[in-house]
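Following: one structure in structure tokens, then a few remarks.
The values are calculated or read from the model by the stated rules, or taken from the named source; none is laboratory data. Keep in mind the model is a prediction, meaning the values are calculated, not measured. Note: ideal-geometry Cβ built from the backbone for every residue, glycine included; neighbour counts use all protein chains shown. For the accessible areas, the whole protein counts, side chains as well, though only heavy atoms, and no ligand, DNA or RNA atoms are used. Shrake-Rupley method; radii C 1.70, N 1.55, O 1.52, S 1.80 Å.
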Amino acid sequence: MITVRVPLGERSYDVLVGHGARRELAAMLPSTARRAAVVTQEGIPFDVDPGMPFERFEIGQGEDHKTLATIERLCSGFAGMGLTRHDVVIGVGGGMVTDVAGFAAASWHRGIPIVHVSTSLVGMVDAAIGGKTGVNLPEGKNLVGAYWQPSGVVCDLDALATLPPREVRCGRGEMAKYHFLTGDDLLAMDEAERIARCVQIKADIVSSDEREGGRRALLNYGHTLAHALEIATGHSLAHGEAVAVGLVYAAHLAHRLGRIDQVRVQQHYDVVGGSYELGTSLPSGLAATELVGLMGRDKKVLSDGLTFVLDGPNGVEVVAGVDPELAGATLADMR
Ligand code: GLY
């Protein structure tokens, strides 16, 4: 079992990575808790034993259920079981479950402890770490939420044995991102080491910039085009698949801006398409004007016009004020 610490002062916590890690859950729960609310979904590969009385709440599948109505339903359930601010919520599932359970915990009695048991690759390397919680509105994804750090995170690698190939690809998209943030050869590590290293990379970034005032934005490398592609394709391209394409696009854009050379662009293809075996082509039939418009509205970049996270001589950094025409023309560079 590998333990990675997320150092955030009095809100610091451990992330436990390994096969069978769920069996350590009870030891990770706050000592004040007398009851637990387990928030999960149908199809999650295992149940957990919190070692105390608990009630189980299932949320629906898919983004359509990532709503304030689901939060209201969960909180009514918490009221029904008499969950107090000393008790605990346990989110068991992928990124959607931990985002929703986290926001319900952040809201119930103005915030009670939450522990995540992450069961997807994206969840383990990204979503369950760092305290971002929230739900969607009809106007956009994750528009309502809170920073609410968990008291602990369990990444049980047993869950990955049955993960559908598409979800594996999504996790690999986020891992390819970490490759470019650090240069680490993650694929040379064994599975537990690799996931723990991704957690460590994210923990380092989050602990230096918990509320995304600066450095945490680097975690959005490849994500500006990715978010636009997800919307433009009606989510037929899943998040991590879109990130893979977005990483290669970001390399082309950095090249157009004179920040990296052609060799570095090719490295992006080699890593994303070669090593991580992910698709790097733009889906056909999407208009450049639509994609540039969507990139301009990305909620992460609203502050300063068209903003990207781009590679360059000093590594990956935030670049604001990119010319929309250049961003559009760069789409045509994609192979
Ligand atoms: N998933 C990006 C972040 O947590 O900041």
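General remarks:
Rundown of residues vs (1) surrounded by fewer than 22 Cβ atoms within 10 Å (Cβ to Cβ); (2) of a type in the set (Lys, Arg); (3) at pLDDT below 95, yes/no style:
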{"residue": "174", "(1), (2), (3)": "no, no, no"}
{"residue": "178", "(1), (2), (3)": "no, no, no"}
{"residue": "191", "(1), (2), (3)": "yes, no, no"}
{"residue": "195", "(1), (2), (3)": "no, no, no"}
{"residue": "211", "(1), (2), (3)": "yes, yes, no"}
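- Contact annotation: residue pairs with Cβ atoms under 6 Å, 6 or more positions apart or on different chains, pairing a residue in the range 209-223 that is polar (S, T, N, Q) with a partner that is surrounded by fewer than 20 Cβ atoms within 10 Å (Cβ to Cβ) and assigned to a loop (DSSP other than H, G, I, E, B), are 220/300.
- Condition met for residue 143 (closer than 30 Å to residue 251 by Cβ and at pLDDT 95 or above): no
- Screening residue 285 on (1) closer than 27 Å to residue 168 by Cβ; (2) without any contact (Cβ under 8 Å) to a residue 40 or more places away in the chain; (3) in contact with a strand residue (DSSP E or B) (Cβ under 9 Å, 6 or more places away or on another chain) shows it passes everything except condition (3).
- Yes/no for residue 240 being within 18 Å of the chain's Cα centre (by Cα) and open to solvent by less than 40 Å² (accessible area, probe 1.4 Å): yes
- Counting only helices (runs of 4 or more DSSP H) wholly contained in the range 212-279, the ones carrying 3 or more residues that are within 16 Å of the ligand (Cβ to nearest atom) occupy 223-232, 239-256.
- Residues located in the range 107-142, provided they are away from the ligand (no atom under 15 Å from the Cβ), open to solvent by 10 Å² or more (accessible area, probe 1.4 Å) and out of contact with any Lys or Arg (no Cβ under 9 Å at 6 or more places or on another chain): 107, 137, 138, 139
- Of all residues making up the range 66-87, the number that are open to solvent by 30 Å² or more (accessible area, probe 1.4 Å), over 18 Å from residue 111 (Cβ atoms) and under 27 Å from the mean Cα position of the chain (by Cα): 3
- Output for the range 143-167, where each listed residue is open to solvent by less than 50 Å² (accessible area, probe 1.4 Å) and either free of Cβ contacts under 8 Å to residues at least 24 places away in the same chain or under 21 Å from residue 43 (Cβ atoms) (or both): 153, 154, 155, 156, 157, 159, 160, 163
- Unmet requirement for residue 63, which otherwise passes all of (1) at pLDDT below 95; (2) open to solvent by less than 20 Å² (accessible area, probe 1.4 Å): (2)
- Top-ranked residue of the range 21-49 - restricted to ones that are assigned to a loop (DSSP other than H, G, I, E, B) and touching a helix residue (DSSP H, G or I) at 6+ places or on another chain (Cβ under 6 Å), ranked as least open to solvent (accessible area, probe 1.4 Å): 48
- Scope the range 184-211; condition within 13 Å of the ligand (Cβ to nearest atom) and in a loop (DSSP other than H, G, I, E, B); matching residues: 209, 210, 211
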